[in-house]
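Student: Please read through the structure below; I'll follow up with questions.
The values are calculated or read from the model by the stated rules, or taken from the named source; none is laboratory data. Quick caveat, the model's predicted, so the values are computed rather than measured. Cβ atoms come from the backbone with ideal geometry, glycine included; neighbour counts cover every protein chain shown. With ligands, DNA and RNA removed, areas are computed over all heavy atoms of the protein, side chains included. Shrake-Rupley method; radii C 1.70, N 1.55, O 1.52, S 1.80 Å.
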Amino acid sequence: MKTRSFIRQTITAATLAIALLAVSCQKNASMEHKAIAPPGKSVVNVYLTDDPSLVFDKVLLDIRKLEIKVEDSSEMKHESEQQNDVDDNDHHGDTSGGWMTISINPGIYDILQFRNGLDTLFANGTFPSTLGLRKVRVTLGAGNSVVFNGTSFPLTVKGNDNIIMIKIDESTVQLNSGGVTNFWIDIDAGRSIRLHGNDFELKPSVKIFSKEKAGGLEGRVLPKDANAIVMAISGTDTATAKPEPEGEYRINGLKAGTYSLVVHATANNYLDTTISNVVIRTKEDIKIPTVTLHK
């Protein structure tokens, strides 16, 4: 009980630390799987990435299945006219109306491994090039857990709703009909897990994007004992990175725009610093000079 109380305090402190600097989420990843679409087919490659948790050592998700919804123009029109009913059916696992399962390696994934530009090719498949990609659906199993200070705790899914349903937004995902579409599923671990009574509860906060419609930045923060976090803030959008042990960090999947880069020290009385007017452009990566924090 004391451990959960301490974690509750830690979650609250971490949430407030980010909230004071306006939190939202996004991130991308690095390497792309090269493929050529067969004649008459479109190829889709799905990558898994993560925004960091400032609390847990591991966030282990039991991912059992991934499906995509593909439709022709008449089906799209029908769905738009019956939007609410169709969305409810899709969310509850309806397999009609264009849903198809694509190949994954089902199992338990520590999503905290996929940060600072790291990712994994999670799923790939093909579908007829006459159809358009509309939605993604992820099914979770029961083997979800978190690790805090070396101790494992079960992670229950809120409302026993084990389906994550995501609409494809063409403002953030580049769809290449008859070619190869690469996109990333970004699971925000920090915003997805809450204490509900004495239990840890998962309500997934998820976004998807492709690098054709995003930019990125990278750099380094010193010293190590400042235990800094880095936030790229533009209006109400905030992307967060937790640097590696040697200080390197990377934030991908940023919308084009002008950002403030806030380096927030969480330990040993180091002072925060802000770099203003960082301009992010689509399909470009910006190198930020090394930031050294001082007391």
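Student: Given the condition within 25 Å of N45 (Cα to Cα), without any contact (Cβ under 8 Å) to a residue 24 or more places away in the chain and not β-branched (V, I, T), answer yes or no: does some residue in region 171-186 qualify? Break it down into steps so the answer makes sense when it comes.
Tutor: Just the residues of region 171-186 that are within 25 Å of N45 (Cα to Cα), to begin with: 171-186.
After this cut, where a residue has to be without any contact (Cβ under 8 Å) to a residue 24 or more places away in the chain as well, the list is none.
Within region 171-186 (the criterion being within 25 Å of N45 (Cα to Cα), without any contact (Cβ under 8 Å) to a residue 24 or more places away in the chain and not β-branched (V, I, T)), the answer is no, since none of the residues qualifies.
Student: Here's a follow-up. Working only within region 241-257, note down all residues that are open to solvent by less than 10 Å² (accessible area, probe 1.4 Å) and of a type outside the set (S, T, Y). So that I can check it myself, show each step before the final result.
Tutor: Here is the first cut: in region 241-257, the ones open to solvent by less than 10 Å² (accessible area, probe 1.4 Å) are 241, 247, 249, 251-254.
Once the filter is applied, which keeps residues that are open to solvent by less than 10 Å² (accessible area, probe 1.4 Å) and of a type outside the set (S, T, Y), region 241-257 yields A241, G247, I251, N252, G253, L254.
Student: A further question on this structure: Name every residue in region 207-249 that is assigned to a strand (DSSP E or B) and touching a helix residue (DSSP H, G or I) at 6+ places or on another chain (Cβ under 8 Å), in order of residue number. Full working, then the answer.
Tutor: So the first thing to find is which residues in region 207-249 are assigned to a strand (DSSP E or B), and the list is 207-209, 215-222, 229-234, 237-241, 248-249.
Listed by number, the residues that qualify are I229, M231, T238, T240.
Student: On to the next question. Out of region 107-152, which residues are open to solvent by 20 Å² or more (accessible area, probe 1.4 Å), among the β-branched types (V, I, T) and under 17 Å from the mean Cα position of the chain (by Cα)?
Tutor: Once the filter is applied, which keeps residues that are open to solvent by 20 Å² or more (accessible area, probe 1.4 Å), among the β-branched types (V, I, T) and under 17 Å from the mean Cα position of the chain (by Cα), region 107-152 yields I108, T120, T139.
Student: Being within 15 Å of V291 (Cα to Cα), in a loop (DSSP other than H, G, I, E, B) and open to solvent by less than 50 Å² (accessible area, probe 1.4 Å) is the filter here; which residues of region 258-275 pass it?
Tutor: A265, Y270
Student: To continue, here is another question. Quick one: what pairs do we get from region 222-235, first residue closer than 11 Å to D272 by Cβ, second basic (K, R), C-beta under 8 Å, 6+ apart or different chains?
Tutor: Here the result reads I229/K242; V230/K242, each pair linking region 222-235 to a residue that is basic (K, R).
Student: Which of the residues that make up region 189-198 are farther than 10 Å from K158 by Cβ and open to solvent by 10 Å² or more (accessible area, probe 1.4 Å)?
Tutor: G190, R191, L195, G197, N198
Student: Is region 89-98 home to any residue that is farther than 27 Å from I229 by Cβ, acidic (D, E) and free of Cβ contacts under 8 Å to residues at least 60 places away in the same chain? Give the steps one after another, and end with the answer.
Tutor: Let us first name the residues in region 89-98 that are farther than 27 Å from I229 by Cβ, namely 89-98.
Those still in the list that are acidic (D, E) too: 90, 94.
Pick out the ones that are also free of Cβ contacts under 8 Å to residues at least 60 places away in the same chain and you get 94.
Within region 89-98, one or more residues are farther than 27 Å from I229 by Cβ, acidic (D, E) and free of Cβ contacts under 8 Å to residues at least 60 places away in the same chain.
Student: Just checking, which of I229, I233 is touching a Ser or Thr at 6+ places or on another chain (Cβ under 9 Å), surrounded by fewer than 22 Cβ atoms within 10 Å (Cβ to Cβ) and aliphatic (A, V, I, L, M)? Don't jump to the end; show me each part of the working.
Tutor: Details: I229 fails: surrounded by fewer than 22 Cβ atoms within 10 Å (Cβ to Cβ).
That would be I233, the only listed residue that is touching a Ser or Thr at 6+ places or on another chain (Cβ under 9 Å), surrounded by fewer than 22 Cβ atoms within 10 Å (Cβ to Cβ) and aliphatic (A, V, I, L, M).
Student: Confirm whether V206 is at pLDDT 95 or above, open to solvent by less than 40 Å² (accessible area, probe 1.4 Å) and in contact with a strand residue (DSSP E or B) (Cβ under 7 Å, 6 or more places away or on another chain). It would help to see each step written out before you state the result.
Tutor: Numbers: at pLDDT 95 or above: no; open to solvent by less than 40 Å² (accessible area, probe 1.4 Å): yes; in contact with a strand residue (DSSP E or B) (Cβ under 7 Å, 6 or more places away or on another chain): yes.
No.
Student: I've got another one for you. Within region 174-198, which residues are of a type outside the set (A, V, I, L, M), in a strand (DSSP E or B) and farther than 20 Å from A214 by Cβ? Before the answer, list the steps.
Tutor: Let us first name the residues in region 174-198 that are of a type outside the set (A, V, I, L, M), namely 174, 176-179, 181-184, 186, 188, 190-192, 194, 196-198.
Still in the list and also in a strand (DSSP E or B): 181-184, 186, 188, 194, 196.
Within region 174-198, R194, H196 qualify.
Student: When you check N162 against the structure, is it in contact with a Leu (Cβ under 9 Å, 6 or more places away or on another chain), open to solvent by 40 Å² or more (accessible area, probe 1.4 Å) and either free of Cβ contacts under 8 Å to residues at least 12 places away in the same chain or not aliphatic (A, V, I, L, M) (or both), yes or no? Reasoning before the result, please.
Tutor: Values: in contact with a Leu (Cβ under 9 Å, 6 or more places away or on another chain): yes; open to solvent by 40 Å² or more (accessible area, probe 1.4 Å): yes; either free of Cβ contacts under 8 Å to residues at least 12 places away in the same chain or not aliphatic (A, V, I, L, M) (or both): yes.
Yes, satisfied.
Student: With respect to I111, determine if the residue is modelled with pLDDT under 95, among the aliphatic types (A, V, I, L, M) and more than 27 Å from A256 (Cβ to Cβ). Quick ask: steps written out before the conclusion?
Tutor: Numbers: modelled with pLDDT under 95: yes; among the aliphatic types (A, V, I, L, M): yes; more than 27 Å from A256 (Cβ to Cβ): no.
When the stated conditions are applied, I111 does not pass them.
Student: Report yes if some residue within region 210-217 is under 14 Å from the mean Cα position of the chain (by Cα), closer than 24 Å to L121 by Cβ and open to solvent by 70 Å² or more (accessible area, probe 1.4 Å); otherwise report no.
Tutor: Scanning region 210-217, I find at least one residue that is under 14 Å from the mean Cα position of the chain (by Cα), closer than 24 Å to L121 by Cβ and open to solvent by 70 Å² or more (accessible area, probe 1.4 Å), so the answer is yes.
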